[in-house]
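The values are calculated or read from the model by the stated rules, or taken from the named source; none is laboratory data. What you see is a predicted model, and the numbers here were worked out from it, not measured in a lab. Here Cβ is always computed from backbone atoms with ideal geometry, including for glycine, and neighbour counts include all displayed protein chains. The area values use the complete protein model at the heavy-atom level, side chains included, leaving out ligands, DNA and RNA. Shrake-Rupley method; radii C 1.70, N 1.55, O 1.52, S 1.80 Å.
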Amino acid sequence: MSFDPTQRGWLNDVPSYIPPVQIGEVMRAGSVGRVIESKNQNFSEDDIVQGSFGWQEYAISGEGAGFMPPQKLPEGISPTSALSIYGITGLTAYFGMLDIGKPVENDTVLISGAAGATGSVAGQIARIKGASNIIGIAGGPEKCTYVKDVLQLDECIDYKAGNLEQDLKNACPNGIDIYFENVGGPVTRAIAPLLNKGSRVPICGFISQYNAKDVLKAETPFDVLGSLEIKPKHRFFVVTEWALSLI
């Protein structure tokens, strides 16, 4: 079962892109499971399937809707990868970076939440597309070491170290062309002045505000970016926008 930052947002009883999870309901989540019984000719007993089953041991699908047959995964890939690199988090990074960020050669790309499931993939996609300076932001030395040594980003800024604004200026001497937004709040306010003319900001989320007492009144990346004299191209996106392309 997946455990995602967006689930925190689904617990807020406010209008959103998807109805909130109500008290007493099964927590909504991506899942991988094994078929124990099937009356659908497309699925057999012991097939591994992926879908939105929620946080529960058993789920029933009326017509097999939302189930992904095992042959959809590349051979030799763990079924749990359907919840990460081949699932919602990987696809979110893929479409957010490529369709909204649109990295090109020599771009400076900054990614908040760079050690997380989505941010870690977004940085590597930017590298593949030829961006020359890819910087991550993460919390703590251990995460920053992971971003640099394992993910191979050029630099990682520890936002907990207390030197965020100066560290950003040092890491991005030529400004920022793409900012992949995951956290919002003080991080976004520090980044905003460094965004170049024509920069792009895919807004995946703003997790720093998800625990606000009134999330509808919380500061969002739109408030910060919209207040700039020269505004970057920015928009909030949800991976389901590209659902038809995945069929």
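Structure data summary
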item	result
Among (1) in contact with a helix residue (DSSP H, G or I) (Cβ under 9 Å, 6 or more places away or on another chain); (2) acidic (D, E); (3) open to solvent by 30 Å² or more (accessible area, probe 1.4 Å), the one test that E181 misses	(3)
Residue in region 216-225 that is charged (D, E, K, R) and closer than 28 Å to I128 by Cβ present	no
Among residues of region 124-140, those that are at pLDDT 95 or above and on the phi > 0 side of the Ramachandran plot, counted	1
Close pairs from region 153-171: first open to solvent by less than 60 Å² (accessible area, probe 1.4 Å), partner part of a loop (DSSP other than H, G, I, E, B), Cβ under 7 Å, at least 6 apart	L153/A114; C156/A114; D158/G139; D158/G140
Members of region 200-246 that are more than 19 Å from A122 (Cα to Cα), part of a loop (DSSP other than H, G, I, E, B), open to solvent by less than 70 Å² (accessible area, probe 1.4 Å) and among the aliphatic types (A, V, I, L, M)	A212, A218, L228
Residue list for region 19-33, filter: free of Cβ contacts under 8 Å to residues at least 24 places away in the same chain, in contact with a helix residue (DSSP H, G or I) (Cβ under 9 Å, 6 or more places away or on another chain) and surrounded by fewer than 16 Cβ atoms within 10 Å (Cβ to Cβ)	P19, P20
Number of the exception - K143 against (1) surrounded by fewer than 17 Cβ atoms within 10 Å (Cβ to Cβ); (2) at pLDDT 95 or above; (3) under 26 Å from Y86 (Cβ atoms)	(1)
Test: residue in region 39-47 that is hydrophobic (A, V, I, L, M, F, W, C), in contact (Cβ under 8 Å) with a residue 24 or more places away in the chain, open to solvent by less than 30 Å² (accessible area, probe 1.4 Å) and touching a Gly at 6+ places or on another chain (Cβ under 6 Å)	yes
Test for I128: is it surrounded by fewer than 17 Cβ atoms within 10 Å (Cβ to Cβ) and of a type in the set (A, V, I, L, M, F, W, C)	yes
